[in-house]
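Colleague: One structure, as structure tokens, below. Some questions next.
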Amino acid sequence: MTRIALLLAGLCAAAVTLSGHPCIAQGSQFPTRPIQLVVPFPPGGSADFVARILADRMSASLGQQVAVVSRPGAAGTVGTQFVATAPADGYTLVLTSVGALVLSSAMSKKSPYDTLRDFVPISLAAKVYEITVASRASGLHSLAELVAAAKQRPGKLTYGSTGIGSLPHVAGELLTLEAGIDLVHVPYTGGATAMSDLLAGRIDVLIADLPAYLPLIASGAVAALSVNSAERASSLPNVPTAAESGFPALIADNWYGLLAPAQTSRPVVDTISKAVIAALSDTKVKQDLARGGATAIAQSPEQFSSYLAAEQAKWSAVIKRAHIPM
């Protein structure tokens, strides 16, 4: 056994020398040190909210800390690319969005990564409602009022998003197409800065994830115009869907999924997958996410891979229909 262990150690050392990446020996225990969970958006947004709840439960399951690290920029593509090029050892993961994984690449042929080639999908983590909210300064209280105001003042009203290529951006462009209106797009680097400008009245409308805006809606600081989903949000039962407001095509649920760099070994992926499924199946985790307007969804790596492919087909068609520049 000692001679076999020494042989394996020698082979592992050679692998490190050749590849520059740590060697995970067959049968070794993973994880043996903290895991970095990259969130490619600024702190305070929905991705950060979902990641911290998930990381806390995963830490307990894995016996190692899962530390949430923010790496924002370019609608999530900066942090997502960082993980795509990280060592494929399971110690650097990303919790990122439909915007960074699907929309950005569909809108640009210069995407820094190929989602299905450069990542190993682990699981969908959560879906969140997308809502359209208005500043108090705008005086808007419904989607119908927004459309009417935009038609009276074409090119004057502004809508914010979490960046070019993000789901709120695509949803906003789809709204302008469906309603026949002209809104000025104002992209931000994340939800927190967009929220500040909405509260200050520097933008009129914001399309965003519901969780971060529930307290503001409840306090009357902002007005919820519509829920951009197939059904009303249970946390906002009195706010109509976009379909109820006359725009059935405006269905844009955001979601966040967990991925590892391509070439991550199957045993490591399976270990992470088990921890994620256990976390998302936990009653308290489900309740904590639901209180923030998010729905926990656990998938196997194969299920998430199929889901990603379906989402790419769906949103590529929407982007083409909405004539969003590629």
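Colleague: Pairs only if they're at least six apart or on different chains, beta carbon under 9 angstrom, first in the range 132-155 and at negative phi, second part of a loop (DSSP other than H, G, I, E, B) and basic (K, R); list them, first residue then second.
Modeller: S135/R202; A137/R202; A149/K156; A150/K156
Colleague: Take the residues in the range 45-72 that are touching a residue at least 40 places away in the same chain (Cβ under 8 Å) and either over 13 Å from the mean Cα position of the chain (by Cα) or not assigned by TED's automatic domain parsing to the domain that holds V268 (or both), then tell me which one is surrounded by the fewest Cβ atoms within 10 Å (Cβ to Cβ). Quick ask: steps written out before the conclusion?
Modeller: Applying the first criterion (touching a residue at least 40 places away in the same chain (Cβ under 8 Å)) to the range 45-72 yields 45-47, 49-51, 53-54, 57-58, 61-62, 72.
This time we only want the ones that are either over 13 Å from the mean Cα position of the chain (by Cα) or not assigned by TED's automatic domain parsing to the domain that holds V268 (or both), so: 53-54, 57-58, 61-62.
Numbers: I53: 26, L54: 28, R57: 20, M58: 25, S61: 17, L62: 20.
Among them, the one singled out is S61.
Colleague: Can you pull out the residues in the range 126-145 that are part of a loop (DSSP other than H, G, I, E, B) and surrounded by fewer than 16 Cβ atoms within 10 Å (Cβ to Cβ)?
Modeller: Residues of the range 126-145 that are part of a loop (DSSP other than H, G, I, E, B), as a first pass: 129, 139-142.
Listed by number, the residues that qualify are G139, H141.
Colleague: Then there is this: Might you check whether a residue that is under 17 Å from the mean Cα position of the chain (by Cα) and not in a loop (DSSP other than H, G, I, E, B) occurs anywhere in the range 108-117?
Modeller: Looking through the range 108-117, at least one residue is under 17 Å from the mean Cα position of the chain (by Cα) and not in a loop (DSSP other than H, G, I, E, B).
Colleague: How many residues are buried (at least 17 other Cβ atoms within 10 Å of the Cβ), part of a loop (DSSP other than H, G, I, E, B) and of a type outside the set (A, V, I, L, M, F, W, C) when one looks only at the range 233-244? Outline the logic, then answer.
Modeller: The first filter runs over the range 233-244 and keeps only residues buried (at least 17 other Cβ atoms within 10 Å of the Cβ), leaving 233, 235-236, 239-243.
Next cut, part of a loop (DSSP other than H, G, I, E, B) only: 233, 235-236, 239-240, 242-243.
When the remaining residues are screened for being of a type outside the set (A, V, I, L, M, F, W, C), the result is 235, 240.
Final tally of qualifying residues: 2.
Colleague: Considering the range 304-319 alone, what residues qualify as being touching a residue at least 24 places away in the same chain (Cβ under 8 Å) and of a type outside the set (F, W, Y)?
Modeller: Of the residues in the range 304-319, the ones touching a residue at least 24 places away in the same chain (Cβ under 8 Å) are 304-305, 307-309, 311-312, 315-316, 318-319.
If the condition is that a residue be touching a residue at least 24 places away in the same chain (Cβ under 8 Å) and of a type outside the set (F, W, Y), then S305, L308, A309, E311, Q312, S316, V318, I319 are the ones that fit.
Colleague: For the range 245-266, indicate whether the set of residues that are surrounded by fewer than 19 Cβ atoms within 10 Å (Cβ to Cβ), part of a helix (DSSP H, G or I) and either at pLDDT 95 or above or not charged (D, E, K, R) (or both) is non-empty.
Modeller: yes
Colleague: Same structure, new question: Answer yes or no: is there a residue in the range 114-128 that is more than 30 Å from S265 (Cβ to Cβ) and touching an Asp or Glu at 6+ places or on another chain (Cβ under 7 Å).
Modeller: If we filter the range 114-128 for residues that are more than 30 Å from S265 (Cβ to Cβ), which is where we start, we get 128.
Next, from what is left, pick out any that are touching an Asp or Glu at 6+ places or on another chain (Cβ under 7 Å): 128.
Among the residues of the range 114-128, at least one is more than 30 Å from S265 (Cβ to Cβ) and touching an Asp or Glu at 6+ places or on another chain (Cβ under 7 Å), which makes the answer yes.
Colleague: Does P215 satisfy the condition of being without any contact (Cβ under 8 Å) to a residue 40 or more places away in the chain and part of a helix (DSSP H, G or I)? Break it down stepwise before answering.
Modeller: On the way: without any contact (Cβ under 8 Å) to a residue 40 or more places away in the chain: yes; part of a helix (DSSP H, G or I): yes.
Yes: the conditions hold for P215.
Colleague: Please state which of the following conditions A51 fails to meet, knowing it meets all the rest: (1) over 30 Å from H323 (Cβ atoms); (2) in a helix (DSSP H, G or I); (3) touching a Pro at 6+ places or on another chain (Cβ under 6 Å).
Modeller: (3)
Colleague: In addition: Are any residues in the range 195-214 touching a Phe, Trp or Tyr at 6+ places or on another chain (Cβ under 8 Å) and within 8 Å of G160 (Cβ to Cβ), and if so, which ones? Lay out the reasoning, then the answer.
Modeller: Kept after step one, since they are touching a Phe, Trp or Tyr at 6+ places or on another chain (Cβ under 8 Å), are these residues of the range 195-214: 195, 197, 203-207, 209-212.
Those that are touching a Phe, Trp or Tyr at 6+ places or on another chain (Cβ under 8 Å) and within 8 Å of G160 (Cβ to Cβ): D197, I203, V205, L206, I207.
Colleague: Residue by residue through the range 204-221, note down the ones that are buried (at least 24 other Cβ atoms within 10 Å of the Cβ) and either aliphatic (A, V, I, L, M) or touching a Lys or Arg at 6+ places or on another chain (Cβ under 7 Å) (or both).
Modeller: Across the range 204-221, the qualifying residues are V205, L206, I207, A208, L210.
Colleague: Given the structure, is G172 without any contact (Cβ under 8 Å) to a residue 60 or more places away in the chain and outside the structural domain of P40 (by TED's automatic domain parsing)? Can you show your working first?
Modeller: On the way: without any contact (Cβ under 8 Å) to a residue 60 or more places away in the chain: yes; outside the structural domain of P40 (by TED's automatic domain parsing): yes.
Here the answer is yes, as G172 does meet what is asked.
The values are calculated or read from the model by the stated rules, or taken from the named source; none is laboratory data. Computed from a predicted structure; not experimentally measured. Every residue, glycine as well, gets a Cβ built from its backbone with ideal geometry; the counts of neighbours run over all protein chains shown.
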